[in-house]
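Working notes for the structure below.
The values are calculated or read from the model by the stated rules, or taken from the named source; none is laboratory data. All of these numbers come straight from a predicted model, not from anything done at the bench. Using ideal geometry, Cβ is built from the backbone for each residue, glycine included, and neighbour counts are taken over all protein chains shown. Ligands, DNA and RNA are stripped out before the accessible areas are found, and what is left, the full protein with its side chains, is counted by its heavy atoms. Shrake-Rupley method; radii C 1.70, N 1.55, O 1.52, S 1.80 Å.
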Amino acid sequence: MKVERSVDLGQKGELLVVRDACALFEAAAELFANAATAAIAAHGKFTVALSGGSTPKALFELLATEPWRSRVPWSKVHFFWGDERWVPSTDKQSNYRMTNEALLSKISVPAGNVHRVETDRGTPQEAAAKYEQEVLKIVGPQPKFDLILLGLGTNGHTASLFPHCPALNVRDRLVVSDDIEEVKMTRITFTAPLINDAQAVLFLLSGGDKAPVLRDVVRGPLDQQRLPSQLIEPLHGSLMWLADADAAADIR
Ligand code: 6PG
């Protein structure tokens, strides 16, 4: 991993800066593979929650190629999604579909290890409740994911925790649905308490459009309703921001 600089962000974790997007995805693949092998060695499986959007697609495609494809014991990996759009799993906006095309369809992972949000039947509320039960069943009664991968929206959202939305204030649920006016879409999302219980949280940021919001989130005044990513402070686990130089340009 060719880190150009690292910045200690105190309670906000650590920022690792790499040269460009190519180096970013190589570094992210290495972190993913290391976390997987460590978790499997420690407790026999790797529970990971993936982010959606466009940034992680290149990481998933890289993980499907050598050496990563052979390095990760996929049969012991349990895939979840930190959020999902309320669209059919075949819809081009589906985070599951993006991950399946980029990675899952190219590796041998047991179907029972792929835990997607069931968006093809019932209501968003039912799907959220069902997903919460799946998390409790697979990850455990006090669920601590080995790794939660997150992105950062230019408006400060992460997962589907959007500014000024009810999901930001939920403390007694692990997974909820929310109607997001800003994107005119219903979303299913992990809540902040579930994310903050993770063993490791990794934000992946690429591109200059993320520079101002990264600065505001990690260096700006606390305003979690306006910048929901400020809610993410793992209680016991690690918090890492992995960014290319463009995305980290405003952090000295
Ligand atoms: C989603 C994601 C979302 C994403 C951010 C950043 O479902 O859209 O989970 O939280 O991580 O919007 O997206 P990019 O990384 O594509 O900019």
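Remark: the chain carries a charge dipole of roughly 420 debye about the Cα centre, counting +1 on each Lys and Arg Cβ and -1 on each Asp and Glu Cβ. Taking the centroid of alpha carbons for each part, segment 169-214 and segment 80-109 are 17 Å apart. Loop-resident trypsin sites (Lys or Arg not before Pro) (DSSP state other than H, G, I, E or B) in segment 154-198 with no more than 15 further Cβ atoms inside 10 Å of their Cβ: ARG171, ARG173, LYS184.
Output the relative contact order of segment 184-252, whole-number percent, from Cα pairs under 8 angstrom with separation of 6+ residues. It would help to have the intermediate numbers written out before the result.
Values: 86 pairs, mean separation 34.4, N = 69.
Once divided by the residue count of segment 184-252, the mean separation gives 50 percent.
Normalising by residue count, segment 159-198 has a Cα convex hull of 58 Å³ per residue.
Can you give me the orientation-averaged projected area of the convex hull built on the Cα atoms of segment 56-117, in nm²? Display every interim value, and only then the final one.
Working: hull surface 16.1 nm².
Convex hull of Cα atoms, orientation-averaged projection: 4.0 nm².
Just the number please: accessible area per residue for the chain, 1.4 Å probe, all protein chains included, in Å².
On the way: 10710 Å² over 252 residues.
In whole numbers, the chain has 43 Å² accessible per residue.
Of the solvent-accessible surface of the chain, computed with a 1.4 Å probe and all protein chains present, 51% belongs to carbon and sulfur.
What does the C-alpha gyration tensor say about the overall shape of segment 1-42? Classify as rounded when a/c is under 1.5, otherwise prolate if a/b is larger than b/c, or oblate. Oblate, since a/c reaches 1.5 and b/c is not below a/b. In straight-distance terms, cross-link reach from LYS130 covers every one of the lysines whose alpha-carbon lies under 17 Å from its own, apart from those fewer than eight places away in the same chain; here that gives an empty set. Structural descriptor for segment 43-149: relative contact order 35 percent, calculated from alpha carbon pairs under 8 angstrom and at least 6 residues apart. Relative contact order of the chain: 23 percent, from C-alpha pairs under 8 Å at least 6 residues apart in sequence. Here segment 1-129 is treated with +1 on each Lys and Arg Cβ and -1 on each Asp and Glu Cβ, and its dipole about the Cα centre works out to around 220 debye. Spacing of the modelled spin labels on ASP223 and ASP209, each 7 Å from Cα toward Cβ, amounts to 2.1 nm. Gyration tensor analysis over the Cα atoms of segment 5-244 returns equivalent ellipsoid semi-axes of 23, 23, 17 Å (largest first, whole Å).
Of the listed peptides 147-160, 6-19, 79-92, what is their order by residue-averaged count of other C-beta atoms within 10 Å, with the highest listed first?
Numbers: 147-160: 23.6, 6-19: 16.2, 79-92: 19.5.
The peptides rank, most packed first, as 147-160, 79-92, 6-19.
Shape class for segment 134-252: oblate, because the ratio a/c of the largest to smallest gyration tensor axis (alpha-carbon atoms, square roots of eigenvalues) is 1.5 or more and b/c is at least a/b. Sequentially through segment 159-174, phi angles give Karplus couplings (6.51, -1.76, 1.60; θ = phi - 60°) of 6, 10, 8, 9, x, 6, 9, x, 4, 5, 9, 6, 10, 10, 9, 9 Hz, Gly and Pro residues having no value and appearing as x.
For the chain, which DSSP H helices look membrane-span-like by this rule: Cα extent along the axis of 20 Å or more and mean Kyte-Doolittle of at least 1.0?
Details: long enough: 21-43 (32 Å, 1.19); 124-138 (21 Å, -0.69).
Helix filter hits for the chain: 21-43.
Shape index of segment 98-203: Rg/Rh, with Rg the Cα radius of gyration and Rh the Kirkwood radius from the inverse mean 1/r over Cα pairs, equals 0.95. Dipole of segment 5-244 computed with +1 at Lys/Arg Cβ and -1 at Asp/Glu Cβ about the Cα centre; of GLY237, SER54, TRP74, farthest Cα towards the positive end is TRP74.
Site pair GLU181 and ARG121 shows an inter-label distance of 3.5 nm when each label is modelled 7 Å from Cα along Cα→Cβ.
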